[in-house]
Amino acid sequence: MTEDFQIGQRWYSYTEAELGLGVVTELVDRRVDILFPATGEARTYAQNNAPLSRIVYPIGDQITDDEGVSITVTQYEESKGCVIYFGDDEEGNEQVIHEASLESSVHFSKPYERLFAGQIDKLRHYELRLETLKHQHNHQHSAAYGLLGPRVQYLPHQFYIASEVGQRMAPRVLLADEVGLGKTIEAGLIIHQQLVKGLAHRILIIVPDSLIHQWLVEMLRRFNLHFSILDEGRCLDSEGNPFEEAQLVLSPLSLFTRDEKYLEQAVDAGWDLMVVDEAHHLGWSEEGASHAYRCVEALAQKVKGLLLLTATPEQLGIESHFARLRLLDPDRYYDLEKFITDEQDFKCVNQLIEILQAPDRWHEALQDSAFIELLHQYLGDDVADLLAQHKDDESEERTRLIDKTVRALLDQHGTGRVLFRNTRESVQGFPQRKLHIYSLPLPQAYKDVIDTAPMECRLHPETLIGEGAGSAWLLEDNRADWLIKWLDDYKGEKILVICAHAQTAIALEKQLRLFEGRRTALFHEGMSLVERDRAAAYFADSEQGAQLLICSEIGSEGRNFQFAHHMVMFDLPMNPDLLEQRIGRLDRIGQLKEVNVHVPYFADSAQEVLLRWYAEGLSAFEQVCPTGQSLMQQFAADLHHCMENIEDQASIDRLIKETAHSQQALLEELQQGRDRLLELNSCNTSVAEALLDAVEEDSQPGTLSSYMGRVFDHFGVEQESTGINGVILHPGDHMLSSHFPGLPSDGMTATFQRNEALSREDMHFLSWEHPMVAGAMEMMLEGSYGSSTLCTMKLLPLKAGSLLVEAVFRVHCISDKALQLQRYLSDACVRRVIDSTGNDLTDVITEQHFSSLGKRVGKNVAYNLVKHTREDIGTLVAQLEQQVEEKGEQLIADALATLKQQQADEKDRLVALAKVNPNIRQEELEAHDQLTAHLVEALQEASLKMDAIRVAVITHE
């Protein structure tokens, strides 16, 4: 093909790529005039050194003319120095396009086309692209894929549940951990994993109105998930279906119970996953269901996946437990009596497992014929091997068989596929609690008005004096004076103070800060999220931070302050769950010291009665009270009577005694009804620990920090270190693109260290799954950054002037991300190196050789080298593509073999389980077959495509 300029030819300026494809319009003496139709600009160049590259599209490329006709090139020929293309359009008709009439926009899809067009990248940009490919491949093949990004502690039970549920297609499960074990975190981990793996795209979270902000903060701060709050006001502003305006939606339950229209819109919008918090409040009985239950049920019947978060199931009785499971799978849980019968069957398996795991009971049980019959019933042929080992208590084989047997029982007969519950007894790491009470005389100003006040005001008498956020009550209320004096004994301690109302918190904080000189921070629902973040960060600062954080009731939700060990309850809530939520701000896994709860109260008042009921009746301060809400419902009338009639000491004592007795009875009932089968299935310790090891190993904060530093430099993001663990990022003045993913216009402070992120919520936690990191990697790989480069290399064994061509090929497959085809591909990238004679030097010349020996070349020199060696490079590229085609076929064949084997094994397991465990739905078996077919079809269409090319010109100097 002629490289001389001719009228009508198409040329490309590698110094002004934005001009598009130019056409030669005139040749005068030694000059050439080029018009760039895409921009309307014209340029005049000297013919002997013009920064131009001749554009000739090869056979197989798709081209378009200036009238929009597209063809796939089947052949071309040269006429009068210009190229005429022949090909077929979309309808199969043969078309002819002269190069002069080609569309003026230009895109080079193949790396070697960019190289020939003079788009030669810097060596470090090429190396950064290869590094990105490796990191992406390693991340997607990690056992912890989808779990590396959340800002959460390494807690085995949470990660185990997240891994078990998060990998399922359309999971439908009940999360029922005891209070304080982190059901919200588990739900967030599942949501995050589903989104990262492409298993879900549209998610709806439904919560009680009071928890909207808590969920919003948790999803944003811990999981980098930006949910849109959709309440009645937002719905009214929408012209269409408001639920179709966002992918991630957070709504209060009241939105659906107040207006049927919003429920219908939510149902019509379609969801991949729905999460319902506080699901135990959805009333249901065989006689009928509450309106809230029916609303959730209408959605549950339409959504694909469903997570229900609830209190420990047994707390509210078997009927309530059945009602939750009925939402998950109405076909399986359709009859309450049958469910109760099935539960009795599970108790038999529970007993069997308890005996298997108790060596002291093993020999005695073997003398019981009923136990032997139970073994045969549930173990079948496997019982013989187990019985043969029973005499040797120290036998490793016996231990292995027992463990294998327990796992088989859990898999075949457990309810863990739809229900997960962990208890504090099984999860270690919780601190001790200690209650400190302080009796204060009731001020005269309160005595004058409190007898006729409603109960809410009796518990919070400051609301009876002054208006709004005024501080008049502080002149009368001796709780403030007590707090000021009490603080003198705790000068070096962080103190969390909780009040029921924001007005109380505001006035108290002002008094302590302005008039007592205390370092305080204020935290309430009237503040913006940014203001609350600053207050929390100020309180968390161990050196110059606030000593006290004064919170309102709702303002304290969603935040954990386990670095503090003292809490002052300025008043008491009427709800036992709310009391536990308050204490839970400090009493969490990670708390290293005893949690001290300090409660000032007015003697001979409703406050004292409520305090005694909580402390003596429920023991709610010094231990978690799983029966609190049930006992509140049982004794609500008597408690209210006693709080109104504080002089009736006999009734108060009787109430506390009866409450304590009922509390003990309920706790014993719960203990006897413990579902050991369920607890074992809710956390496989060995699997959980292996998973956490993978999370820690694959997080690689040092590697990520170094890599992202180079990415920031490449794209022009300014970096400023804050020390060992932090970095401040700002958009630079000369960024490659106007927007860098996840980077606000005013910048951000971030850390790559998980521990630092857990203690500093004002810093972003950058992981391999953070939107900024993931977005930057996509920019690197989806664009053409660094895909073609040229260097010189001194290698004496090779002839000077000869070439080395390194090409990296990536598996290309058009498929749904949810299929996760990378699981089956041993190599997502294939690297090949050949020399001028076609010798394969891949194993001889490594990437390290290129990086250490390769020398950069100026752009003009590089282009001239490419221009003079273009034909040789083209020949070598053709050889590389032929070699890698065979490798690709083998790669795909191996992936198909792995896929079919894994899917067949899982199908056999599900079929076996379905025979004994009705929780295995027929839909799951059908979905498994469909998934296998889609995976096979997608892999069969996969192929290796060149992603990057590096040419080295050999020198001896």
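The values are calculated or read from the model by the stated rules, or taken from the named source; none is laboratory data. Values in this document were obtained by computation on a predicted structure and should not be read as measured data. Positions of Cβ are generated from backbone atoms using ideal geometry, with glycine treated the same way; all protein chains shown enter the neighbour counts.
Mind telling me which of the residues Asp604, Asp533 ends up being in contact (Cβ under 8 Å) with a residue 24 or more places away in the chain, surrounded by fewer than 20 Cβ atoms within 10 Å (Cβ to Cβ) and on the phi > 0 side of the Ramachandran plot? It would help to see each step written out before you state the result.
Working: Asp533 fails: on the phi > 0 side of the Ramachandran plot.
After applying the criteria, what remains is Asp604.
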key: Inter-residue pairs, beta-carbon under 7 Å, first buried (at least 24 other Cβ atoms within 10 Å of the Cβ) and in region 158-173, second modelled with pLDDT under 90 and among the hydroxyl-bearing types (Ser, Thr, Tyr), 6+ apart   = Ile161/Ser682
ask   = (1) closer than 28 Å to Ala862 by Cα; (2) surrounded by 12 or more Cβ atoms within 10 Å (Cβ to Cβ); (3) among the hydroxyl-bearing types (Ser, Thr, Tyr): which one isn't true of Ser105, the others all being true?
value = (2)
inquiry  = Restricting to region 137-161, name every residue that is among the hydroxyl-bearing types (Ser, Thr, Tyr), within 24 Å of Leu174 (Cα to Cα) and assigned to a loop (DSSP other than H, G, I, E, B).
reply    = Tyr145, Tyr154
ask   = Just wondering, is there one or more residues in region 884-895 that are in a loop (DSSP other than H, G, I, E, B), surrounded by fewer than 16 Cβ atoms within 10 Å (Cβ to Cβ) and either modelled with pLDDT under 90 or among the hydrophobic types (A, V, I, L, M, F, W, C) (or both)?
value = no
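So, Glu90, is that one under 46 Å from the mean Cα position of the chain (by Cα) and of a type in the set (Asp, Glu) or not?
Details: under 46 Å from the mean Cα position of the chain (by Cα): yes; of a type in the set (Asp, Glu): yes.
So Glu90 passes the test.
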query = Within region 121-156, can you find the residues that are farther than 27 Å from Met779 by Cα and either in contact with a Ser or Thr (Cβ under 7 Å, 6 or more places away or on another chain) or among the acidic types (Asp, Glu) (or both)?
reply = Pro156
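Scan region 78-100 residue by residue and report those that are hydroxyl-bearing (Ser, Thr, Tyr) and either buried (at least 17 other Cβ atoms within 10 Å of the Cβ) or touching a Pro at 6+ places or on another chain (Cβ under 9 Å) (or both).
Tyr85 - this is the single residue of region 78-100 that is hydroxyl-bearing (Ser, Thr, Tyr) and either buried (at least 17 other Cβ atoms within 10 Å of the Cβ) or touching a Pro at 6+ places or on another chain (Cβ under 9 Å) (or both).
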query = Got a number for residues in region 723-773 being part of a loop (DSSP other than H, G, I, E, B), in contact (Cβ under 8 Å) with a residue 24 or more places away in the chain and charged (D, E, K, R)?
reply = 4
query = Do we find that Ala776 is outside any strand (DSSP E or B), touching a residue at least 60 places away in the same chain (Cβ under 8 Å) and surrounded by 19 or more Cβ atoms within 10 Å (Cβ to Cβ) in this structure?
reply = yes
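Condition test on Arg856, is it more than 30 Å from Val418 (Cα to Cα) and outside the structural domain of Lys304 (by TED's automatic domain parsing)?
On the way: more than 30 Å from Val418 (Cα to Cα): yes; outside the structural domain of Lys304 (by TED's automatic domain parsing): yes.
So Arg856 passes the test.
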task = Tell me which of these Arg433 doesn't satisfy, since it passes every other one: (1) within 30 Å of Leu375 (Cα to Cα); (2) at pLDDT 90 or above.
result = (1)
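Right, Leu230: modelled with pLDDT of 95 or more and of a type outside the set (Phe, Trp, Tyr) or not?
Details: modelled with pLDDT of 95 or more: no; of a type outside the set (Phe, Trp, Tyr): yes.
For Leu230, the condition - modelled with pLDDT of 95 or more and of a type outside the set (Phe, Trp, Tyr) - is not met.
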message = I'd like to check something: does region 102-123 contain any residue that is within 30 Å of Phe420 (Cα to Cα) and touching a Phe, Trp or Tyr at 6+ places or on another chain (Cβ under 8 Å)?
response = no
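Please work out which residue is surrounded by the most Cβ atoms within 10 Å (Cβ to Cβ), limiting yourself to region 620-644 and to residues that are more than 42 Å from the chain's Cα centre (by Cα) and in contact (Cβ under 8 Å) with a residue 40 or more places away in the chain.
Met643
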message = Looking only at region 175-190, how many residues end up being modelled with pLDDT of 90 or more, in contact with a helix residue (DSSP H, G or I) (Cβ under 6 Å, 6 or more places away or on another chain) and crowded, with 24+ Cβ neighbours inside 10 Å?
response = 5
task = Output the number of residues of region 821-845 satisfying the condition of being buried (at least 17 other Cβ atoms within 10 Å of the Cβ), farther than 20 Å from Ala878 by Cβ and of a type in the set (Gly, Ala, Ser).
result = 1
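For (1) touching a strand residue (DSSP E or B) at 6+ places or on another chain (Cβ under 6 Å); (2) of a type in the set (Ser, Thr, Tyr), each residue gets a yes or a no:
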| site | (1), (2) |
| --- | --- |
| Ala453 | no, no |
| Glu456 | no, no |
| Ser471 | no, yes |
| Asp488 | no, no |
| Glu493 | yes, no |
| Ala502 | no, no |
| Ala505 | yes, no |
| Glu509 | yes, no |
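How many of the residues making up region 26-50 are closer than 26 Å to Glu77 by Cα and surrounded by 13 or more Cβ atoms within 10 Å (Cβ to Cβ)? It would help to see each step written out before you state the result.
From region 26-50, those closer than 26 Å to Glu77 by Cα are 26-27, 32-38, 47-48, 50; that's our starting set.
Now restrict to residues that are surrounded by 13 or more Cβ atoms within 10 Å (Cβ to Cβ): 26-27, 32-38, 47, 50.
Final tally of qualifying residues: 11.
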query = Only one of (1) at pLDDT 75 or above; (2) surrounded by fewer than 20 Cβ atoms within 10 Å (Cβ to Cβ); (3) of a type outside the set (A, V, I, L, M) fails for Glu343. Which number is that?
reply = (1)
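Yes/no matrix, rows are residues, columns are (1) outside the structural domain of Leu496 (by TED's automatic domain parsing); (2) of a type in the set (A, V, I, L, M); (3) over 30 Å from Glu658 (Cβ atoms):
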| site | (1), (2), (3) |
| --- | --- |
| Gly545 | no, no, yes |
| Leu572 | no, yes, no |
| Gln581 | no, no, no |
| Arg588 | no, no, yes |
| Lys593 | no, no, yes |
ask   = Which residues, taken from region 645-664, are at pLDDT 90 or above and surrounded by fewer than 13 Cβ atoms within 10 Å (Cβ to Cβ)?
value = Glu647, Gln649, Ala650, Lys657, His661
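So is Glu778 acidic (Asp, Glu) and closer than 27 Å to Tyr863 by Cβ or not?
Numbers: acidic (Asp, Glu): yes; closer than 27 Å to Tyr863 by Cβ: no.
Against the criterion (acidic (Asp, Glu) and closer than 27 Å to Tyr863 by Cβ), Glu778 does not qualify.
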query = Which numbered condition trips up Val717, out of (1) modelled with pLDDT of 90 or more; (2) loosely packed, with under 14 Cβ neighbours inside 10 Å?
reply = (2)
